[in-house]
Amino acid sequence: MMKVQRVRLSNEQITWLVLDDDHIPIQLILAYLKYLQNLDRSPNTIRATAHQLKLFWEYLRDEHLCWKEIDIAQMAAFISWLR
């Protein structure tokens, strides 16, 4: 089961990771969350984004889709999946 994990960095800063089913950070999400951190986005924004991306990755996993190949119909299906 995927999960969002709170992490305290060495400089006492808090950030968030999205872990896959094997509890390994999803590198693409990690890179994006680091990007948001470098833009000085609030910790709450980073946390909310991590949770949203976790849901999207769960959808991709459940539907056996690659994030690079998503089309508009699949995005609409994702929105329905969220409900």
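The values are calculated or read from the model by the stated rules, or taken from the named source; none is laboratory data. In this text the structure is predicted, and so the values were computed from the model without any measurement. All Cβ positions, glycine included, derive from the backbone under ideal geometry; neighbour counts span all protein chains shown. Only protein heavy atoms, including side chains, enter the accessible area calculation; ligands, DNA and RNA are left aside. Shrake-Rupley method; radii C 1.70, N 1.55, O 1.52, S 1.80 Å.
Quick notes on this one:
- Of 57, 67, 16, the one that fluctuates the most in a GNM where the chain has Cα springs shorter than 10 Å: 67
- Scalar couplings 3J(HN,Hα) for region 32-47, obtained by applying the Karplus form with A = 6.51, B = -1.76, C = 1.60 to θ = phi - 60°, are 5, 5, 5, 4, 4, 5, 5, 7, 6, 6, 5, x, 5, 5, 5, 5 Hz; x denotes Gly and Pro.
- Electrostatic tally near residue 33: other residues with Cβ closer than 10 Å to its Cβ, Lys and Arg +1, Asp and Glu -1, net +3.
- Dipole magnitude (debye, nearest 20) for the chain, charges at Cβ of Lys, Arg, Asp, Glu: 360 debye
- Between helix 72-82 and the chain: long-axis angle, C-alpha atoms, 0 to 90°, nearest 10: 70 degrees
- The chain: calculated mean residue ellipticity at 222 nm from DSSP helix runs of at least 4, using -39500 (n - 2.57): -17500 deg cm²/dmol
- Accessible-area rank, largest first, for 8, 83: 83, 8, with all protein chains present and a 1.4 angstrom probe.
- When its C-alpha radius of gyration is set against 2.2 N^0.38 Å (N residues), the chain gives a value of 1.15.
- The largest accessible area among 15, 45 belongs to the first residue in 45, 15, and the rest follow in falling order (1.4 Å probe, all chains).
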